[in-house]
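The values are calculated or read from the model by the stated rules, or taken from the named source; none is laboratory data. No experiment lies behind these values; they were computed from the predicted model shown. Glycine also receives a Cβ, built like all others from the backbone with ideal geometry; neighbour counts cover every protein chain displayed. Side chains included, ligands, DNA and RNA excluded: accessible areas come from the protein's heavy atoms. Shrake-Rupley method; radii C 1.70, N 1.55, O 1.52, S 1.80 Å.
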Amino acid sequence: MRTALNGAQEIFVLPPRLQFAALCWRRAAREGTCEILLITSRGTGRWVVPKGWPMKGAEAAAIAAMEAHEEAGVRGRVEQAPLGTFTYAKEMRGGLKVGCTVQVHALEVEGLDEDFRERGQRRLAWFSPAEAAERVDEPGLKAMLGGFRR
């Protein structure tokens with residue numbers, strides 16, 4: 001942790017935290033296109049991708065798949081190699097904002113379970129890559145979604 005002086009106020013700068021996310025996609029009814037699943041965050045209702053914190057002994061892709069199931073009921077095949085990363089500021093309890101770097105893994109959706117941990121706490125919707133990019137706030141995620149092809 002670093003400290004810096006801003007006038008008379010001391011500011012603490014925390015290193016970015018790492019999270020793992022799933023970019024959940026499926027083949028659309030129209031041949032040659034895909035759709036991306038977005039969910040709403042529990043706190044603000046913003047459109048996001050499922051993501052979560054590292055867990056001891058678990059690989060990044062497995063964490064991304066587990067979060068997709070817990071947050072959206074997604075079952076499918078997750079890619080081990082990450083698509084890329086994006087950053088955002090996560091507001092923690094008490095209002096503290098922490099910088100996060102999110103490593104994203106593509107997950108081809110094979111089905112959605114009706115019963116999952118966060119059912120009723122989030123909305124789920126399918127979008128074209130361009131529409132998904134318009135709905136999210138984070139610039140890095142916008143670029144990733146808008147350029148996603150499968």
Quiz prompt | Length-normalised contact order of the chain in % [C-alpha pairs under 8 Å, at least 6 apart] | solution = 27 percent
Quiz prompt | Area accessible to solvent at His69, 1.4 Å probe radius, in Å² | solution = 60 Å²
Practice problem: Pop the C-beta distance of Arg149 and Leu96 into the FRET formula with R0 = 35 Å and round what comes out to the nearest 0.05. | Solution: 0.40
Exercise. Over region 33-150, give the accessible area per residue in Å² for a 1.4 Å probe, as an integer.
Key: 53 Å²
Quiz item: Residue by residue, what Karplus-based ³J(HN,Hα) values in Hz, rounded to whole numbers, does region 37-43 have, using 6.51, -1.76 and 1.60 with θ = phi - 60° and x for Gly and Pro?
Solution: 8, 10, 10, 8, 6, 6, x
Quiz item: Where does helix 60-72 land angle-wise versus the long Cα axis of the chain, in degrees 0 to 90, nearest 10?
Solution: 70 degrees
Quiz item: In whole angstrom, how far apart do the alpha carbon centroids of region 105-150 and region 51-83 sit?
Solution: 13 Å
Quiz item: In deg cm²/dmol and to the nearest 500, what is the mean residue ellipticity at 222 nm of the chain if only DSSP H runs of at least 4 residues count, each as -39500 (n - 2.57), divided by the residue total?
Solution: -5500 deg cm²/dmol
Quiz item: If all Cα-Cα distances of the chain are sorted into 5 Å bins from 0 onward, what percent lands in each bin, rounded to whole numbers?
Solution: 2, 9, 18, 22, 20, 13, 7, 4, 3, 2, 1, 0, 0
Quiz prompt | Cα centre as origin, Lys/Arg/Asp/Glu Cβ charges: region 46-150 dipole, Debye | solution = 300 debye
Quiz item: Tally Lys/Arg at +1 and Asp/Glu at -1 over every other residue whose Cβ is under 14 Å from the Cβ of Met55; what's the total?
Solution: 0
Self-check item: region 23-142 - percent of accessible surface contributed by carbon and sulfur, probe 1.4 Å
Solution: 46 percent
